[in-house]
Amino acid sequence: MAQKILYILPFMNLGGTEVHTVELIKGIRSEYEVLVAGPEGLGISLLEENKIPYTKLPGLTPFNVRLYKNMLKSILKDFKPDLVHIQGRYEPAFFSKRILSSIPVIITCHGYGNSIALWDYKLTAMAGNRWAEKVIAVCNNDKELLIRFGLKPKKVTLIYNGISTIEERKFLPQFDGLKIGTIASLIKRKGINYLIEAIDLITKKFKDVGLFIIGEGEERGRLESLVERLKIKRYIFFLGGLPFARSYINNFDIFVLPSLFESLPVSIIEAYAEKKPVIASNVGGIPELVKDEETGILVPPKDTKALASAIERLIRDERLREKLAENGYNRFIREFTFKVMVEKTQAVYKDVLK
């Protein structure tokens, strides 16, 4: 009889954490019975498309602690998992152990980019020491931060995100010009406002350039207002939160991720897999992923002029675009495939379950 793994997600959007979880489950479900617990959201479409079992568990807030604990208790009682794997947060580790102390727990840290990020790393380290058998870090930057804040080195394992290949490719609205694209939740830490401001500078020199933004979030209204204020509406396309956003990357000539903080963004790996040149902020775990001038171009965060300069450089230099794209693809094949990620995670599972 197959062992059971319960995956707990703190949110259910169309972001990197959800894509990572789906990719991982696709790789291990031939050996394990799985169930995903998380709040309602657009990310459920990813689970449904891949026929992954799902049950509702609300996001934890200060106002629903009792409800959260009772619902998690019910899920644990009914599903009877052999292992709980928590993605992106640390609080569920405490509740899982309080409900069923014997159950092994793994936490995957996908990084934090909010105003209290350092506290989140500290609390993840504490939770890892007290309530988890293992903590998986998706980049070395996160691993070093967790150890710095007290996580025992033997508790943490570095496993880079990985993705599988895809065959389906979808098309964007007709646009006769060079397409710059990004895939990101529309939240402050993704820095999309700096990308829009950079496009404002670009369109003063190039009239056949368009920016395609795939993603949804709380900042969308402010970003649309910025576009109106800069009077560049005809160059900017907000496409919303599209399921399987990676299927649209083939349309882009240049992929840009102007984040203020990241761990190891899946979207850059997806761009590599589609042989697209990458421009990204030099923050968090991104320098582990993007080798400057080799697999992409790194720019300082919040620097509109540097971002515009990098974009202009790739617009003018097609040979450089081709070189970066080819090198990025080769690095994806070597280090960031679905197969490598699954094998390393399975090794952690077997170590914990034995």
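Considering only residues that are under 24 Å from residue 178 (Cα atoms) and either without any contact (Cβ under 8 Å) to a residue 40 or more places away in the chain or part of a loop (DSSP other than H, G, I, E, B) (or both), which ones fall in the range 251-264? Hits for the range 251-264 are 252, 253, 258, 259. With respect to (1) assigned to a helix (DSSP H, G or I); (2) more than 21 Å from residue 163 (Cβ to Cβ), the lone exception for residue 302 is condition (1). Restricting attention to the range 75-100, the residues that are more than 27 Å from the chain's Cα centre (by Cα) and either over 25 Å from residue 346 (Cβ atoms) or outside the structural domain of residue 33 (by TED's automatic domain parsing) (or both) add up to 4.
So that you can scan it fast, the table gives a plain yes or no per residue for (1) outside the structural domain of residue 146 (by TED's automatic domain parsing); (2) more than 18 Å from the chain's Cα centre (by Cα):
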position	(1), (2)
260	yes, no
266	yes, no
269	yes, no
305	yes, yes
312	yes, yes
329	yes, yes
342	no, no
349	no, yes
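Checking the stated criteria, residue 51 turns out to be more than 21 Å from residue 216 (Cβ to Cβ), exposed (fewer than 15 other Cβ atoms within 10 Å of the Cβ) and more than 20 Å from the chain's Cα centre (by Cα). Screening residue 82 with (1) over 22 Å from residue 16 (Cβ atoms); (2) surrounded by fewer than 16 Cβ atoms within 10 Å (Cβ to Cβ) gives one miss only, at (2). Within the range 271-292, is there a residue that is more than 17 Å from residue 161 (Cβ to Cβ) and either free of Cβ contacts under 8 Å to residues at least 12 places away in the same chain or acidic (Asp, Glu) (or both)? Checked against the condition, which is being more than 17 Å from residue 161 (Cβ to Cβ) and either free of Cβ contacts under 8 Å to residues at least 12 places away in the same chain or acidic (Asp, Glu) (or both), the range 271-292 yields at least one hit.
Give me the residue from the range 259-314 that is among the polar types (S, T, N, Q) and surrounded by fewer than 20 Cβ atoms within 10 Å (Cβ to Cβ) and, out of that set, nearest to residue 332 (Cα to Cα). Break it down stepwise before answering.
So the first thing to find is which residues in the range 259-314 are among the polar types (S, T, N, Q), and the list is 259, 263, 267, 281-282, 295, 304, 309.
Keeping just the survivors that are surrounded by fewer than 20 Cβ atoms within 10 Å (Cβ to Cβ) gives 282, 304, 309.
Working: 282: 19, 304: 28, 309: 26 Å.
Among residues in the range 259-314 that are among the polar types (S, T, N, Q) and surrounded by fewer than 20 Cβ atoms within 10 Å (Cβ to Cβ), the one nearest to residue 332 (Cα to Cα) is 282.
Scanning the range 261-294 for residues being touching a Phe, Trp or Tyr at 6+ places or on another chain (Cβ under 7 Å) and of a type in the set (Val, Ile, Thr) gives a total of 3. Among the residues of the range 116-143, those that are within 15 Å of residue 158 (Cα to Cα) and charged (D, E, K, R) comprise 133, 134, 142, 143.
Among the residues of the range 315-331, those identified as crowded, with 17+ Cβ neighbours inside 10 Å and among the charged types (D, E, K, R) are 321, 331.
A Cβ distance below 8 Å, combined with a sequence gap of six or more or placement on separate chains, defines the contacts here; from the range 62-74, residues that are closer than 19 Å to residue 6 by Cα and in the same structural domain as residue 11 (by TED's automatic domain parsing) reach residues that are among the small types (Gly, Ala, Ser) and in a helix (DSSP H, G or I) in the pairs 72/96. Looking at the range 13-107, none of the strands (runs of 3 or more DSSP E) lying wholly inside it contains 3 or more residues that are on the phi > 0 side of the Ramachandran plot and at pLDDT below 95. Mind listing just one residue for me: the one in the range 220-239 that is buried (at least 17 other Cβ atoms within 10 Å of the Cβ) and closer than 18 Å to residue 304 by Cα and, of those, farthest from the chain's Cα centre (by Cα)? Taking the candidates together, the pick is 232. Listed by position, the helices (runs of 4 or more DSSP H) enclosed by the range 130-244 that each have at least 1 residues that are touching a Pro at 6+ places or on another chain (Cβ under 7 Å) and not assigned by TED's automatic domain parsing to the domain that holds residue 258 are 140-148. The set of residues in the range 331-354 being touching a residue at least 24 places away in the same chain (Cβ under 8 Å) and of a type outside the set (Val, Ile, Thr) consists of 331, 332, 335, 336, 338, 339, 341, 344, 346, 349, 351, 353.
The values are calculated or read from the model by the stated rules, or taken from the named source; none is laboratory data. Fair warning: this is a prediction, and the values are worked out from it, not measured in the lab. In this analysis, Cβ positions are derived from the backbone assuming ideal geometry, glycine residues included, and neighbour counts consider all displayed protein chains.
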